[in-house]
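S.K.: To start, I am sharing the structure in question, which I have written as structure tokens.
The values are calculated or read from the model by the stated rules, or taken from the named source; none is laboratory data. The structure presented is a predicted model; accordingly, all values stated were derived computationally and were not measured. We place every Cβ from the backbone using ideal geometry, glycine too, and count neighbours over all the protein chains shown.
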């Protein structure tokens, strides 16, 4: 009567949702696997998947990092943007460069989680915060699991197809730091 799954099975479900719905939508919007030497893409350990993706828009490096862990039911998708100086001709010029500094403080301070950050109201009053986060909701039956999966698939696909909306929203909250190609801050804005 009641239906339950192990954390490892829930992890696989969320990872498949990301790969099928988010990754393909982000690729269609010009995002690629991060070219940096230390970029993650896939299983980091048995309980964690990490995906680093980015695209170059003019001189802005737009980075999306996704964490999927067995410790909770979320797909955590983060956005951060940097202005690179000098401006690379294309993103592949960043290949074989150590980009670890893009993922560490102080660069990480402007990183925003797409589903629950950048709210224009108190989270308590935010519909998006409560009902449209990237979480596989609880269930008690197989039918409930299928409904939770479909809802998460819909929200992830919709938001990743409209990633430019989130990038504009990020710009309304922040100005990108000017960095060199390795993530060293040249000018903090």
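S.K.: Among the residues of the range 18-36, which ones are over 13 Å from the mean Cα position of the chain (by Cα) and farther than 25 Å from residue 102 by Cβ?
M.R.: Result: 20, single match.
S.K.: Only residues that are part of a loop (DSSP other than H, G, I, E, B), buried (at least 18 other Cβ atoms within 10 Å of the Cβ) and in contact with a helix residue (DSSP H, G or I) (Cβ under 7 Å, 6 or more places away or on another chain): list them for the range 1-40, please.
M.R.: Result: 35, 36.
S.K.: Please go through the range 104-125 and give me each residue that is touching a helix residue (DSSP H, G or I) at 6+ places or on another chain (Cβ under 7 Å), modelled with pLDDT of 90 or more and closer than 12 Å to residue 170 by Cα, ordered by number.
M.R.: Matches in the range 104-125: 112, 114.
S.K.: Something else about it: Within the range 156-172, is even one residue within 28 Å of residue 17 (Cβ to Cβ), in contact with a helix residue (DSSP H, G or I) (Cβ under 6 Å, 6 or more places away or on another chain) and modelled with pLDDT under 90?
M.R.: So far as the range 156-172 goes, no, none of its residues is within 28 Å of residue 17 (Cβ to Cβ), in contact with a helix residue (DSSP H, G or I) (Cβ under 6 Å, 6 or more places away or on another chain) and modelled with pLDDT under 90.
S.K.: Residues in the range 135-189 that are under 14 Å from residue 112 (Cα atoms) and not in a helix (DSSP H, G or I): how many?
M.R.: The qualifying residues number 3.
S.K.: Here's a follow-up. Any residue at all in the range 51-59 that's assigned to a loop (DSSP other than H, G, I, E, B), touching a strand residue (DSSP E or B) at 6+ places or on another chain (Cβ under 9 Å) and either at pLDDT 95 or above or over 25 Å from residue 129 (Cβ atoms) (or both)?
M.R.: Yes, because at least one residue in the range 51-59 is assigned to a loop (DSSP other than H, G, I, E, B), touching a strand residue (DSSP E or B) at 6+ places or on another chain (Cβ under 9 Å) and either at pLDDT 95 or above or over 25 Å from residue 129 (Cβ atoms) (or both).
S.K.: Among the candidates 43, 95, single out the residue that is touching a residue at least 40 places away in the same chain (Cβ under 8 Å), more than 22 Å from residue 150 (Cβ to Cβ) and exposed (fewer than 14 other Cβ atoms within 10 Å of the Cβ).
M.R.: After ruling out the rest, the residue left standing is 95.
S.K.: Is it the case that the range 119-132 has a residue that's in a loop (DSSP other than H, G, I, E, B), out of contact with any strand residue (DSSP E or B) (no Cβ under 7 Å at 6 or more places or on another chain), closer than 16 Å to residue 160 by Cα and in contact (Cβ under 8 Å) with a residue 12 or more places away in the chain?
M.R.: yes
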